[in-house]
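Here the structure is laid out as structure tokens; the discussion comes afterwards.
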Amino acid sequence: MTQNSQDKVIPKRATVVVVGGGINGISVFRDLALQGVDVVLLEQRDFCSGASAALSRMVHGGLRYLENGEFRLVRQSLQERDFLLRNAPHYVFPLPTLVPIFDTVHGSLASLKRFIGLRSGPSRRSAIMIKIGLMLYDWLSRKSRTMPAHRFVSRKQLQTMAPDLSQDAKFGAIYYDAWVKYPERLGVEMILDTEQACPNASAHSYIGVEKVDGGELHWRDRLTGETGTITPDLVVNATGAWVDFTNLALSGDQENDTPRFVRGTKGSHLMIRNAQLASALGDQMVYYENADGRICIAFNYLGVSLVGSTDILIDDPELARCEESEKDYMLGALRFVFPEIEIARDDIVHVFTGVRPLPVSDADATGRISRDHSHREQEANEKRDFPVISLIGGKWTTFRVFGEEIADVVLRRLGRNRVCDTRRLKIGGGRDFPNSESDLDDWIGAELIDLAVDRRTLERLAERYGSRARDIAKFCQAEPDGPLVAAETYSRREIEFLIRNEKVRSLSDILLRRTGIGLEGGITPNLIEEIGTLMSGILGWSAAELDHHTQLLREELGKKHSIV
């Protein structure tokens, strides 16, 4: 199988096969490999290309989950947020968050009813309930907190801080969570770290699991058509919203005996280029209620403004896309909190949608369905010689601890002991990377001594890749280099490094996940052609293969991202 210089061949057998290369599957893969287990990860598309690429770019405890009484989940999420701030300082940063408050007391009773389960639908929240929630939020993070506690501001202070906010807001609250710059890249870096540290671990993209035959999993390469088998002792089903579909393929044709574990909800986001909105948001996130009480967010991200999100039940994740009605809803919510800012349809430069793999629930409102994670274990049967462990639910923020918990389940089944944990394990470009602006300035200066690039180039690479910037800079200076014609802030050698070293197999891998070009609204026909020509030369694509990849990308952009 030809992918790039770093890929490994899929082995014929493995102790554990993880099916699904989203952030939770990658976390299980990493944790098991670090315990010395030979483990193979198979992902039917690119790594972190499903829900793991469609999060709101927040690393957070889940303030609104307190209304559902999910204190353990919030406490665990806050702890994991603080671990990520330390372990991935190149991609995860503090995020000051402003909450405009429209009611002092009204809405308190509805919030109390939601808390005790007497009310399920959304409603406006009062200053009293927000204050109680933020006090709990601070208290739950007291042991690991790395950021300031919350504070309230008066109406006058709020209008000074955010003059474009609705004048109906009576107070404001400020608290801190975190945001992640490149979640998809963080997942790929975890894979690269794992394969480098653990020779018996390998991860493979665009590999679909077709069926089970006794002890063998039959797989097919979705890009080349190549097929093969692998024999595992145990399978972890980490396919997110596709868990039930995957279990059908793993069932040995016993469809009637395959239970349903997951009910997905669709979350869509808009990327908006509007100078007035960008100015109004500044360097903070605005965490606001729509008129119906549903929570929405907006903050500046990669040069545009991210606005989200929706929460809509969906049965088939393959059908997930941002509908016009969802755009209307998010733009309407934005007008509610920023009534004087005009957002035109043409200001939307990119959209993205993911499906949250929530547990099957009889809740009559999506907001009442738990965001916690769990798993189900299914034993071997007469048609399948190995057990399957299915991952259910989970927030992006809690991927590390979810992976740890599943690895412990697997280790108990294998009769093996844990030899290390990942709580303080730096990720990718987070290793040897400074945590403060002043330290970063010193780091840049020290690295420039041995590099033949200018300071601004190294700063830009450090913003994108953390400490891995030094390796990319050395690669770029080894041969004559120049900027891409259609994306001048990227160089040809920089893109070549990603193609050769980060398991890139398709145009969308580069444009939508290894770089931020798509989210920035920078994809153009000229850029697609330029990147395609570059990839063809490196990966050996024929003219027909290039045409095929180009068509696949255009279909994906049109269907999922509203880019024609």
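The values are calculated or read from the model by the stated rules, or taken from the named source; none is laboratory data. On a predicted model such as this, the values are computed, not experimentally measured, just so you know. Note that each Cβ is placed from the backbone with ideal geometry, even for glycine, and that neighbours are counted across all protein chains shown. Just the protein is used for accessible areas: all its heavy atoms, side chains included, with ligands, DNA and RNA removed. Shrake-Rupley method; radii C 1.70, N 1.55, O 1.52, S 1.80 Å.
The table for this structure:
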read-out: Eligible lysines near K156 by straight Cα distance, threshold 21 Å, same-chain separation 8 or greater; value: K131, K170
read-out: Solvent exposure of the range 338-411 as accessible area per residue, Å², 1.4 Å probe; value: 38 Å²
read-out: The chain - charge dipole about Cα centre, Lys and Arg +1 at Cβ, Asp and Glu -1, debye rounded to 20; value: 1880 debye
read-out: Heavy atoms of D347 accessible to a 1.4 Å probe, total area in Å² rounded to 10; value: 30 Å²
read-out: Residues in the range 488-504 that a label on T533 would reach, taking backbone N under 20 Å of a point 7 Å out along Cα→Cβ; value: 488-500
read-out: Greater than 23 Å apart at Cα, pairs in K143/K266; K395/K426; K143/K426; value: K143/K266
read-out: Using a Förster distance of 56 Å, the FRET efficiency for D408-E340 (Cβ separation, nearest 0.05); value: 0.60
read-out: Hits among lysines - C-alpha to C-alpha of K383 under 30 Å, sequence gap 8 or more where chains match; value: K8, K12, K211
read-out: Where only alpha carbons of the range 183-331 are counted, the Rg and the Dmax (Å); value: 20.7, 61
read-out: Summed residue charge, Cβ within 12 Å of N274's Cβ, Lys/Arg positive, Asp/Glu negative; value: -2
read-out: Expected 222 nm ellipticity per residue - DSSP helices of 4 or more, -39500 (n - 2.57), all of the chain, to 500; value: -10500 deg cm²/dmol
read-out: Among A14, S562, I406 - extreme Cα towards positive end, dipole of the chain, charges at beta-carbon; value: I406
read-out: Along each principal axis, Cα extent of the chain, largest first, Å; value: 65, 60, 44
read-out: Two-site FRET efficiency, R273 against D385, from Cβ-Cβ distance with R₀ of 56 Å, rounded to 0.05; value: 0.55
read-out: Net charge, Q35 excluded, C-beta distance under 14 Å - Lys, Arg +1, Asp, Glu -1; value: -1
read-out: Per residue, the convex hull volume that the Cα atoms of the range 442-506 enclose (Å³); value: 88 Å³
read-out: Rough spin-label spacing in nm, given labels placed 7 Å along Cα→Cβ, for C420 and L319; value: 4.6 nm
read-out: Residue-normalised accessible area of the range 427-479, given per residue in Å² at a 1.4 Å probe; value: 51 Å²
read-out: Radius of gyration and Dmax over the Cα atoms of the range 203-290, both given in Å; value: 20.9, 61
